[in-house]
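A short worksheet on the structure shown next.
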Amino acid sequence: MRNPLRIVHTSDVHLDSRGAETGADGFRSRAERAFASVVDTALAEGAHLLLIVGDLFDNNRVDDSNIAFVYRQLARLDAGQQVVVLPGNHDVHDERSVWNRFSFEAAGEHVYGLLEHAGDCVTFPELGVRVWGRAMREHAPENYPLDGAPDQHDAYWNVGMAHGQVVERRVLQGSSPITKDEIRASGFHYLALGHIHVFENHSVGDTAAYYCGSPVAHWAGVGGGKVALVTLCPKEGLSVESRVVSVAPAADDREGAEGHGFPW
Ligand SMILES: [Mn+2]
């Protein structure tokens, strides 16, 4: 029996404290401020799940204060709110990965990482949801984020996480491709995508698939930094709302403020 499920879906925060300054509100960067707003949104919406779909960290050399910042923010969530994180191309899960320094024990029992290169599932029986994702070792044309997606299970909401580029077909150009046919065949009720910094709908067949966009307005552009608020309901079906969580100040530099929607 599936119950209504509320998800906050984010990606591409790109935390990096290098060159940071501490503002009046105590945050060291736009990315930190935006990530705190993501947590605020999960709290205000009473989300059951917070999905972080890659590039939480800007690179694998970020210093430990960035990791500690994430622990502090995720510790603000209410009891029962669960978090699932997936590496992206900026924080790939390789030998030098930031995820080798990230302690899930320190982050709390409510924080799960999908770090297996062959793909892994975490199941939350109390929420009736199963979340699958495949950790990226290398961002390359041969990396297929949806390879090994599992058979779906009728008893659960089947949710996928994938960090990469949606394309029409595999053409061995461009890295971490996710094809429309793979999305269709995956059978996920909801596929949470990361990599593109603006909100985009790539739903195919019975699979709802969305890029949530970066929550950081500086990366996302004039429309503001956003999260996706997803509700899965047995009766009313799926709803997806793109919610602004950060706005670029008018005086922000033009390059960032105009945004480009691309992941570099
Ligand atoms: Mn990316």
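For (1) within 16 Å of the ligand (Cβ to nearest atom); (2) in contact with a helix residue (DSSP H, G or I) (Cβ under 9 Å, 6 or more places away or on another chain); (3) more than 20 Å from His195 (Cα to Cα), each residue gets a yes or a no:
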site: Gly88; (1), (2), (3): yes, no, no
site: Glu95; (1), (2), (3): no, no, yes
site: Trp99; (1), (2), (3): yes, no, no
site: Glu109; (1), (2), (3): no, no, yes
site: Gly113; (1), (2), (3): no, yes, no
site: Cys121; (1), (2), (3): no, no, yes
site: Glu126; (1), (2), (3): no, no, yes
site: Val131; (1), (2), (3): no, no, no
site: Arg134; (1), (2), (3): yes, no, no
Original post:
Is it the case that His202 is modelled with pLDDT of 95 or more and closer than 22 Å to His139 by Cβ?
Top reply: yes
**OP:** Please name all residue pairs, on different chains or six or more residues apart, with Cβ atoms under 8 Å, provided the first residue is in the range 14-30 and is free of Cβ contacts under 8 Å to residues at least 60 places away in the same chain and the second residue is β-branched (Val, Ile, Thr).
**Re:** Leu15/Val62; Leu15/Val70; Asp16/Val62; Ser17/Val62; Arg18/Val62; Arg28/Thr22
Subject >> strands (runs of 3 or more DSSP E) lying entirely in the range 32-128 (those with 3 or more residues that are more than 14 Å from the chain's Cα centre (by Cα) and closer than 27 Å to Pro4 by Cβ) >> reply: 120-124
**OP:** Mind counting the residues in the range 165-186 that are within 16 Å of the ligand (Cβ to nearest atom) and touching a residue at least 40 places away in the same chain (Cβ under 8 Å)?
**Re:** 4
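The values are calculated or read from the model by the stated rules, or taken from the named source; none is laboratory data. Not measured: the values here are computed from a predicted model. Positions of Cβ are generated from backbone atoms using ideal geometry, with glycine treated the same way; all protein chains shown enter the neighbour counts.
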